[in-house]
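Just so you know, all these numbers are worked out from the coordinates, no wet-lab data involved. Predicted model, so just to flag it, every value in this text is computed and none were measured. No Cβ is skipped: glycine too gets one built from the backbone with ideal geometry, and neighbour counts run over all protein chains shown.
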Amino acid sequence: MNCAHCHNPRGPAKNSGLTLTIDQPADSEFGVCKPPVAAGQGSGGLQFSIVPGSPEESIMYYRMNSTELDVMMPELARSVNHEEGLDLIYEWIASLEGDCE
């Protein structure tokens with residue numbers, strides 16, 4: 001919910017090319033092996049939004065794990081990391097199979 005609020009075809013993050021609605025298929029628009037298009041410094045120098053099996057190489061995990069103003073996601077109403085949520089995203093990305101080559 002926190003992600004899909006902005007990351008949808010009509011949301012404020014529509015220019016990111018990352019769609020995180022409940023009905024979005026697990027393809028590049030969902031972030032798997034999707035290179036950043038509007039992340040700027042928020043990419044942390046990483047190449048893809050989600051790298052299957054590699055949370056540490058995934059922009060999504062990097063941004064959710066940050067409290068830096070121009071990096072953190074979600075952007076609003078947050079000053080600390082939600083550790084349980086981070087653990088869940090970490091485990092989910094780690095469970096994905098495939099590669100981005």
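Values for this structure:
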{"item": "Using a Förster distance of 22 Å, the FRET efficiency for residue 70-residue 47 (Cβ separation, nearest 0.05)", "result": "0.70"}
{"item": "Sequence of 14, 34 once ranked by neighbouring C-beta atoms within 10 Å, starting from the fewest", "result": "14, 34"}
{"item": "Under 12 Å, Cβ to Cβ, from residue 78 - net charge with Lys/Arg +1 and Asp/Glu -1", "result": "-1"}
{"item": "Highest-first arrangement of 56-63, 2-9, where packing means the average Cβ count within 10 Å", "result": "56-63, 2-9"}
{"item": "Efficiency of FRET from Cβ geometry, residue 38 and residue 91, R₀ 22 Å, rounded to 0.05", "result": "0.20"}
{"item": "Mean Cα-pair separation over length for the chain, i.e. relative contact order, pairs under 8 Å, 6 or more apart, %", "result": "20"}
{"item": "Longest to shortest principal axis, alpha-carbon extents of segment 26-95, angstrom", "result": "30, 26, 18"}
{"item": "For 18, 69, order by how many other beta-carbon atoms lie within 10 Å, fewest first", "result": "69, 18"}
{"item": "Volume per residue of the C-alpha convex hull in segment 61-101, rounded to whole Å³", "result": "71"}
